[in-house]
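Following: one structure in structure tokens, then a few remarks.
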Amino acid sequence: MTPTADHAPNVPLEYRGAREAAGPLLVVGGVEGIGFDALATVRLASGEVRRGLVLEVHRDLAVIQVLEGTAGIDPDTVSVAFDAHPLQIPVGEGWLGRVWNGMGEPLDGGPPMLGATTRAVAGSPLNPTGRAVPIDPILTGISVIDALTTLVRGQKLPVFSSAGLPHFELAAQIAVQANIAGEQFKVVVVAMGLTHADAATMRDALEPRAAAGELALFLDTADDPVVQRILAPRVALTVAEYLGFDLGHHVLVVLADMTSYCEAVREVSAARGEVPGRRAYPGYLYSDLASLYERCGRIRGRAGSVTQVPVLTMPANDITHPLPDLTGYITEGQIVLSPEMHGSGLYPPVDVLASLSRLMRKGVGEGLTRSDHPGIASQLVAALSHARQVRDLAELIGAGALTETDQRYLSFADAFNSVLVSQGTGESRSLEDTLDRAWQVVSELPRSELTMLSAADVTAHYRGDETKADDRPADEPPERADVPATWVAPDTGGQERRG
Amino acid sequence: MSNPTAPTAMADDRPGPGRVVRVNGPLVEIEGLDQVAVLDVVEVGHNSLAAEVVSVRQGLLTAQVYEYTGGLRVGDPALGQGHPLSARFGPDLLGGIFDGLLRPLTGQPLWLSAGALRQTGTRRQWPFAPAVSTGTVVAPGNLLGMVPTPSGVDHRVLVPPGTAGPVDWVAGDGEVDDDEPIASIGGSPVAISEQWPVRAPRPVRARLELSAPLLTGQRVVDLLFPIAKGATAAVPGGFGTGKTVLLQQLVKWCEADVVVFVGCGERGNELADALADLSKLDDPRTGRSLLERTVVIANTSNMPVMAREASIHTGMTVAEFYRDMGYDTVLLADSTSRWAEALREFSSRSGELPAEEGYPAGLASALAAFYERAGRVTTLGGEEGSVTAIGAVSPPGGDMAEPVTAHTERFVRCLWSLDRDLAYARHYPAVTWRRSFSRDAQSVGAWHASEGRPAWARDRARAVALLAEADRLAPMVELVGLASLPGRERVTLLAGRLLREAVLQQSAQSVNDGHCTPAKQEALLELVLALYDRFLALVDQGHPASAVEEIDTSGVVRIRDEVGPDDAAGVERRRDEMLAALENWK
């Protein structure tokens, strides 16, 4: 922990000996005047110093959660000093370009962060009337995200993944490539509970942006004490809020892996003997997650923004598990990664039909991205949904028995994966390139199928060969034009074509 | 750890402030504070954080604090306020945005740190016009005067409950201050604003039967699962099922005089978006911003948890306050699950024995008590007014058996369940007919008949039957194939699809389709039912079902978006064209 400037006037009170040490918790007796959530400094007999936070004060007892854990603490010889305030950290641009641990201590051999301005890591809720509606896009250079689940400044858009998928690669790629043309852009990455191998990969991947002084990395590895993991996102978001709302930068915060964070919360809750809720996570997990996820947005009359991309691995790939479920209730959409797509060698394996950016509607189109963007995005999703039904049908009756149009849906789906989705981990595509690829993919379909695009856009961008496979006479209305292509159940269309 | 010791000498010797002996998140224990009742407000610490006493045991008070308690210490002072949690209800409510304790959020600091939010010192002047004269004997609920507002919802100053007698004096026409007395009744001063404890339901003369529907402009609600004025509804739906959009549509289009929207533990960005939308939308009645007859209570998910718990009651009291003036009010709470979680969090910290999933055993009665505050009533003053309560429910993992959903279902008159499969198929609003109900359909049917729509109840019954029949047939098609079904059943499937797409689906973004008047609703339903009858007749005449299925029905699906929100005649023209075209078919 880095010392804060306002420590000097508050001479910390020091107590010798503790009543109890268990798991992350230390109980100190005989205390007086200790504030809830205050910072505690724990001194071991060996001279080692640890930090802790006051979880509860009860008469002359203080319960402290020790950030580094209580291993090696002998209650009889330990001494504990308390600050008058909840934990504060210095804020400023000095965090950028550096690597820190979850408590904000340097990991790169550099000096600790110092600064005259400090902020409480717990943060304060933003007055809802001060918020501005997020409307402008952030481009990640990743086609499938920019085209179909566009990230908007001030949004929180999580990546739902499962074990074994390349979510850390994707998170790192977003962190490295995300930008806004012509404006200051800063990135704060919090890695929580990563294995050393993942941490090293992450660190290497982020190196170019860190070297440019645009990125701060907070690294908490799987063997670090769990309590530190609870602190790490708060430290990082405090840094990000200052960069965004006080200094006017556009800031992207990548939080990975939130599953490790939630497990840390559960572990501490269990150590405190709290009543468990779903899957033994504490009942306040929603409020706790909200206290992190809501620390983003835009403020009326201020230049900057804070955007969040939390990454979480769904235990057993179950989207109804409390972690993705509570996250989904707070965040504005989700990007879902698919084990099947990963299995077929696609990167990034984004399941477009399960993914959604709730704020995209306001963030794309004329003057923001390109006027044809909303239309082409709806068309791609609708066509993809129909292509999936056609694929199911083809498995039953064989691709040869499909109508000509449906066969073109299959080649559309293939082109979608190979032309638009598939991308290298180091490859950044411009929006023009991405949307041109989208049109190339859509051009696999007959023109008559493009019901969600304006005639002007089709004329301007469509590159398909209309006569090649469109087996209908020109004057006949397109098949099923009255049925939204996304309608799945109960659908009788497929059965009809079978007969 | 809990080793009760004698109060310290300091607390014994001095009257006045008690002292804090325990702080655990929002839970605070206090001793040495006398004459404090359960539910009274105390202020704790040097920042005077508001807290509410939840229990008193042998001189030890347990209180829930409505702010972040970081820095609060054992030994910090606690002062009893001598009254339960109350708020001031006045003409500034309309168009305002408040926190869960009804403290205005506009004009407050950007960052709401503990103790930052205060009742603003600035008072407004309001125009007042008296309706009584000196000497008149008045009783609770009688009209004392009016404060006209631009919203078209005039603020009626009423004799407060518990006050009666002759009017000693009353202010004349002119500007008055919020809290300045405008009259004296039997020796008690009365102002245009009134203090009221938010957990206590405001008294009424009588409860009335429910009859007229609260029209929402949303077809699946008004046609299939109508809600009566003064009734209650719950909207359970997992994330991504369009719950928030549906609620916002209700805020915008429901036919109420005053709408109270309680954003209870929801997203900050979403609230900013809703506020921006509301201020842009015009109230069809006055042509002014819709926000002016809306009261927004905003306790976003990151604001203090205990204020979230209070926000539901605060919102309900605001709705009752306007009901007492004789208005039809609607309370929308998004989401009651987050409120229940606040109850759970506190009960867990105070060491109560948990019931299902850690919720307190009192969850069911707390939910019941909340929904019971809704109703259509004769007010103390003899006016008719209503509070309709609509609560969103966020079942974890879409599990409808979880305690909040399961209990809520029992207490509400309408259930509008949102379905993930429908949402995934972009069928919006994703209200499923399989798991929704309305216990007011019959009385609403009678009301429609009295309004000159005698066919409403019959058409609704046919629509419900058609949906059920189509649902019964769908799995059979998967088993045996469409071609194996008899012609009439294939037509039923076709009509079921038309009913879903042409009537039940509704686009919130569309200017023409965003809301829909009862006449257009009925015309759309009759269009589908008339076609259903005609298709059945064609099949009975021996036409193959496959040929009927090929009839171009795209005009049926598109008409809802092609004509204006009240253009029933346009829909009827489309019906006549379709039927005429089928007259000489083949």
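Just so you know, all these numbers are worked out from the coordinates, no wet-lab data involved. Bear in mind that the values here come from a model prediction, so they are computed numbers and not experimental data. Counting neighbours? That spans all protein chains shown, and the Cβs are built from the backbone with ideal geometry, glycine included.
Is there a simple number for the mean count of other chain Cβ atoms within 10 Å of the Cβ of residues in B:270-276, and what is it? Could the numbers behind the result be given before it?
Numbers: counts 6, 4, 12, 9, 2, 4, 4.
Across B:270-276, the average partner-chain Cβ count within 10 Å equals 6.
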- Item | 3J(HN,Hα) from dihedral phi, the stretch B:503-514, Karplus parametrisation 6.51/-1.76/1.60, rounded to Hz, x for glycine, proline | 10, 6, 6, 8, 9, 5, 7, 7, 5, 6, 10, x
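FRET efficiency for residue A:302 and residue A:116, Cβ-Cβ distance as r, R0 = 25 Å, nearest 0.05? Spell out each step's value before the answer.
Details: r = 21 Å, r/R0 = 0.86.
After rounding to 0.05, the efficiency reads 0.70.
Within 10 Å of each residue's Cβ, count the other Cβ atoms and sort B:55, B:337 from fewest upward.
Values: B:55 13, B:337 25.
Going from sparsest to densest Cβ surroundings: B:55, B:337.
Counting each DSSP H run of 4 or more residues in chain A as -39500 (n - 2.57), what helix-only mean residue ellipticity at 222 nm follows after dividing by all residues, to the nearest 500 deg cm²/dmol?
Values: 15 runs with 156 residues, N = 499.
That calculation yields -9500 deg cm²/dmol at 222 nm.
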- Task: Find, among the trypsin sites (Lys or Arg not before Pro) in the stretch B:204-261, those assigned to loop by DSSP (not H, G, I, E, B) with at most 14 other beta-carbon atoms within 10 angstrom.
- Result: B:205
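Nearest 500 deg cm²/dmol is fine: what mean residue ellipticity at 222 nm does chain B get from its DSSP H runs of n ≥ 4 alone, each adding -39,500 (n - 2.57), divided by its residue count? Walk me through the numbers on the way to the answer.
Working: 15 runs with 187 residues, N = 586.
Computed mean residue ellipticity for chain B: -10000 deg cm²/dmol.
I need B:414, A:296 ordered by Cβ neighbour count within 10 Å, fewest first. Please report the intermediate quantities before stating the final value.
Values: B:414 23, A:296 30.
Least crowded to most crowded, the residues run B:414, A:296.
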- Note on the structure: Rg/Rh over Cα atoms for the protein assembly as shown, Kirkwood Rh, comes to 0.99
- Message: How would the stretch B:67-165 be classified by its alpha-carbon gyration tensor: rounded, prolate or oblate, with rounded meaning a/c under 1.5 and the a/b versus b/c comparison settling the rest?
- Response: oblate
- Item | Distribution of pairwise C-alpha distances over chain A, 10 Å bins, in % | 4, 18, 26, 22, 14, 9, 5, 2, 0, 0
- Pop out the ³J(HN,Hα) list for the stretch B:75-90 in order, Karplus 6.51 cos²θ - 1.76 cosθ + 1.60 with θ = phi - 60°, rounded to Hz; leave Gly and Pro as x. x, 5, x, 9, 10, x, 9, x, 8, x, 4, 10, 9, 9, 10, x
- Added length on full extension, which subtracts the Cα-Cα distance from 0.36 nm per residue, residue A:135 to residue A:14: 38.5 nm
- Task: Taking amide H positions as placed in the peptide plane 1.01 Å from N, state which residues far from residue B:297 in sequence (5 or more) or on other chains have amide H under 5 Å from it.
- Result: B:98, B:261, B:262, B:263
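Stick to Cα atoms and the Kirkwood definition of Rh, then tell me Rg/Rh for the stretch B:127-187.
On the way: Rg = 11.2 Å, Rh = 11.7 Å.
The Rg/Rh ratio comes out at 0.96.
Show me the GluC sites (Glu not before Pro) within the stretch A:349-429 that DSSP assigns to loop and that have at most 16 other Cβ atoms within 10 Å of their Cβ.
On the way: sites: A:366, A:395, A:404, A:427; in loops: A:366, A:427.
Passing sites in the stretch A:349-429 are A:366, A:427.
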- Relative exposure of A:341, B:316, judged by other C-beta atoms within 10 Å (fewest first): A:341, B:316
- Tally the DSSP beta bridges in chain B and give the antiparallel ones as a percent, rounded to 5. 70
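Note the full-extension length gain between residue B:168 and residue B:277 as 0.36 nm times their separation in residues minus their Cα-Cα distance, in nm to one decimal.
Values: separation 109, 0.36 × 109 = 39.24 nm, distance 4.63 nm.
Taking residue B:168 through residue B:277 to full extension adds about 34.6 nm, to one decimal.
Using the alpha carbons of the stretch A:90-359, what is the convex hull volume per residue in cubic angstrom, as a whole number?
It is 127 Å³ per residue.
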- Note on the structure: Amide H contacts under 5 Å for residue B:74, restricted to residues at least 5 apart in sequence or on another chain and with H modeled in the peptide plane, are A:33, A:34
- Given the stretch A:209-324, what whole percent of its Cα pairs are spread farther than 25 Å? 29
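Below 20 Å Cα-Cα, how many Lys pairs turn up in chain B? Only count pairs eight or more apart in sequence, or on different chains, if you could.
Working: B:229/B:252; B:243/B:252; B:252/B:280; B:252/B:520.
Taking chain B as the scope, the lysine pair count is 4.
Using the Cβ atoms and a cut-off under 10 Å, what net charge is assigned to the surroundings of residue B:433, where Lys and Arg are +1 and Asp and Glu are -1?
Numbers: positive: B:434, B:435, B:500; negative: B:419, B:471.
Summing Lys and Arg as +1 and Asp and Glu as -1 gives +1.
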- Message: Using the Cα centre of the protein assembly as shown as the reference point, and only Cβ charges (+1 on K/R, -1 on D/E), how large is the resulting charge dipole? Debye, rounded to the nearest 20.
- Response: 1100
- Query: Amide H to amide H, which residues 5 or more places from residue B:157 or on other chains are under 5 Å from it, using H placed in the peptide plane?
  - Reply: B:144, B:145, B:146, B:147
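Would you kindly state how much longer the chain becomes between residue B:577 and residue B:57 on full extension, computed as 0.36 nm times their sequence separation minus their alpha carbon distance, in nm to one decimal? Write down the numbers at each step before the final one.
Numbers: separation 520, 0.36 × 520 = 187.20 nm, distance 7.63 nm.
Answer, rounded to one decimal: 179.6 nm.
For the stretch B:456-583, what is the convex hull volume of the alpha-carbon atoms per residue, in Å³? Please list the in-between numbers first.
On the way: hull volume 13.0 nm³, N = 128.
Measuring per residue, one finds 102 Å³ for the Cα hull of the stretch B:456-583.
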- Note on the structure: Low-density loop GluC sites (Glu not before Pro), the stretch B:178-273, at most 11 other Cβ within 10 Å, DSSP non-H/G/I/E/B, are B:209
- Item | Considering only the protein assembly as shown, percent of DSSP beta bridges that pair antiparallel, nearest 5 | 65
- Task: Quantify how strongly other chains surround peptide B:236-244 by giving the mean number of their Cβ atoms within 10 Å of each of its Cβ atoms.
- Result: 3
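Within the stretch A:90-359, what percent of beta bridges assigned by DSSP are antiparallel, to the nearest 5?
Details: 13 of 43 bridges.
Beta bridges within the stretch A:90-359, antiparallel portion: roughly 30 percent.
For peptide B:296-303, compute the average count of partner chain beta-carbon atoms within 10 Å of each residue's beta-carbon. Working shown, then result.
Details: counts 2, 0, 4, 2, 8, 10, 15, 9.
Across B:296-303, the average partner-chain Cβ count within 10 Å equals 6.
What's the ranking of A:175-181, A:331-337 by average number of surrounding C-beta atoms within 10 Å, highest first? If you can, show how the numbers build up before the last one.
Numbers: A:175-181: 18.7, A:331-337: 24.3.
So the peptides A:175-181, A:331-337, ranked by packing, come out A:331-337, A:175-181.
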- Residue by residue through the stretch B:232-243, which ³J(HN,Hα) values in whole Hz follow from phi under the Karplus form 6.51 cos²θ - 1.76 cosθ + 1.60 (θ = phi - 60°), with glycine and proline marked x? 10, 9, 10, 10, x, x, x, 6, x, 9, x, 4
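Evaluate Rg over Rh across chain B, taking Cα atoms for both radii and Kirkwood's formula for Rh.
On the way: Rg = 27.6 Å, Rh = 26.4 Å.
Using Cα coordinates only, the ratio equals 1.05.
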- Item | Shape metrics for the stretch A:5-86, restricted to C-alpha atoms - Rg then Dmax, Å | 11.4, 33
